[in-house]
1. Got the relative contact order for region 193-294 handy, in percent, Cα pairs under 8 Å and 6 or more residues apart?
2. Quick check for me: using +1 on Lys/Arg Cβ and -1 on Asp/Glu Cβ, what's the dipole size of region 8-186 about its Cα centre, in debye to the nearest 20?
3. What are the ³J(HN,Hα) values, in whole Hz, obtained from phi via the Karplus relation 6.51 cos²θ - 1.76 cosθ + 1.60 with θ = phi - 60°, for each residue of region 194-205 in sequence order, with x given for Gly and Pro?
4. What is the pair-distance distribution P(r) of region 193-294, computed from all Cα-Cα distances in 10 Å bins starting at 0, with each bin given as a whole percent?
5. If you average 1/r over all unlike Cα pairs in region 32-142 and invert the result, what Kirkwood radius do you get in angstrom?
6. What percent does the relative contact order of the chain come to when contacts are Cα pairs within less than 8 Å and at least six residues apart?
7. Step through the table entries Lys61/Lys101; Lys6/Lys180; Lys6/Lys102; Lys51/Lys101; Lys180/Lys277, compare each Cα-Cα distance with 24 Å, and write down the pairs that go over it.
8. I want the local charge near Thr167. Using Cβ-Cβ distances under 14 Å, sum +1 for each Lys or Arg and -1 for each Asp or Glu among the other residues.
Amino acid sequence: MSTHKKETVVVVGAGLMGTGIAHGFASSGYTTLLVDTQLDSLSKAKGNIEKILNDGVKLGKVTADQAQAAFANLITCADLGEAAIGANWLVETVSEQLAVKKAIVTQAAPLLAPDAIIATNTSALSVTEIAASVPHADRVIGMHFFNPVHKMKLVELVRGLATSDDTVARTRALCDAIGKTSIVVNESPGLTTSRMSAMLGNEAMYMLQEGIASAEDIDTALRMGFNHPMGPLELGDLTGWDTRLSVLRYLHQTLGEKFRPCPLIIKMVAAGRLGRKTGHGVYRYEDGKQVPHSGLRASAL
Ligand SMILES: NC(=O)c1ccc[n+]([C@@H]2O[C@H](COP(=O)([O-])OP(=O)(O)OC[C@H]3O[C@@H](n4cnc5c(N)ncnc54)[C@H](O)[C@@H]3O)[C@@H](O)[C@H]2O)c1
């Protein structure tokens with residue numbers, strides 16, 4: 001972790017993702033302006049960043065001096081118009097609404113440094129469409145981080161129609177500077193990660209539906225056979241089958257038949273068995289813990 005001052009990054013949206021992203025930039029020496037319209041989001045984000053830094057000190061990942069320097073790089077601000085002036089980077093990570101994201105980049109673009117890059121952390125909206133609202137669409141890119149940002153190394157960089165090679169190269173260098181590994185993806189539904197994860201979860205559900213193996217054994221296959229940290233059914237329970245289903249429906253609509261949602265997922269969502277959040281999905285949960293041998297049985301389907 002370097003502590004010298006580098007460029008200025010404006011992170012817009014101090015929610016779950018903005019907190020982690022701002023922590024990443026501040027820890028890497030960037031002057032980081034974290035912007036949100038909600039003052040309580042800003043104070044909560046500041047407290048959470050302090051906690052991540054303090055935990056880092058306890059775990060020996062950073063020294064107390066480094067944590068202090070990182071915290072000193074962080075400025076919270078409720079006024080985008082003020083924060084954006086002369087900044088080198090803008091990373092927007094506000095709620096997933098196209099109109100809100102467009103309004104932010106439209107307001108900020110004329111205020112940023114002349115060669116500034118605008119990045120969006122959107123999970124599913126079109127980078128091309130967001131870029132169309134600013135004069136320099138070639139300097140707009142998707143920077144798709146993963147939750148929790150301070151633990152997950154990957155950033156999917158998303159090329160919109162107009163994103164230039166120079167923008168990709170500079171953003172890759174930015175990812176390197178904050179200790180992230182980047183991959184480059186052309187704008188496409190589900191990018192690489194959501195598309196593969198949706199396919200794997202859907203296939204696991206088809207196998208369960210067909211009685212090929214028990215839920216526990218399907219999950220064990222992926223954990224032990226491929227070193228996945230979680231099985232696809234456990235992961236679906238964590239993500240929520242309602243969320244899974246809406247992603248699958250979108251991929252089915254945009255990419256075709258191979259993403260047709262498994263009928264068992266539709267049935268589980270209709271039954272309200274959404275996963276951990278409802279205490280019951282493929283598995284049952286008590287006090288937040290998976291109940292052993294509670295996996296959905298083929299005989300129950
Ligand atoms: N949660 C995830 O796992 C995840 C992963 C990758 C990408 N994303 C994407 O990241 C973005 C943010 O997601 P999140 O989970 O952090 O959401 P969140 O709801 O936790 O945070 C969104 C924040 O944006 C703020 N906001 C809304 N409108 C604003 C405006 N006009 N100006 C300034 N701030 C504004 C809200 O006050 C809130 O604090 C979304 O585009 C989402 O799709 C989320």
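The values are calculated or read from the model by the stated rules, or taken from the named source; none is laboratory data. Note that the coordinates shown come from a computational prediction; the quantities given were computed from them, not determined experimentally. Reconstructed Cβ throughout: ideal geometry from the backbone, glycine too, with neighbour counts over all protein chains shown. Surface areas here come from the heavy atoms of the whole protein model, side chains and all, with no ligands, DNA or RNA. Shrake-Rupley method; radii C 1.70, N 1.55, O 1.52, S 1.80 Å.
1. Relative contact order here is 24 percent.
2. Magnitude of the dipole: close to 460 debye.
3. 5, 5, 5, 5, 5, 4, 5, x, 5, 5, 4, 5
4. Reading upward from the zero bin: 16, 51, 30, 3.
5. Averaging 1/r across every pair of different Cα atoms and inverting gives 15.2 Å.
6. Once normalised by length, the contact order is 12 percent.
7. In this structure, Lys61/Lys101; Lys6/Lys102; Lys51/Lys101; Lys180/Lys277 lie more than 24 Å apart at Cα.
8. Here the charged neighbours net out to -1.
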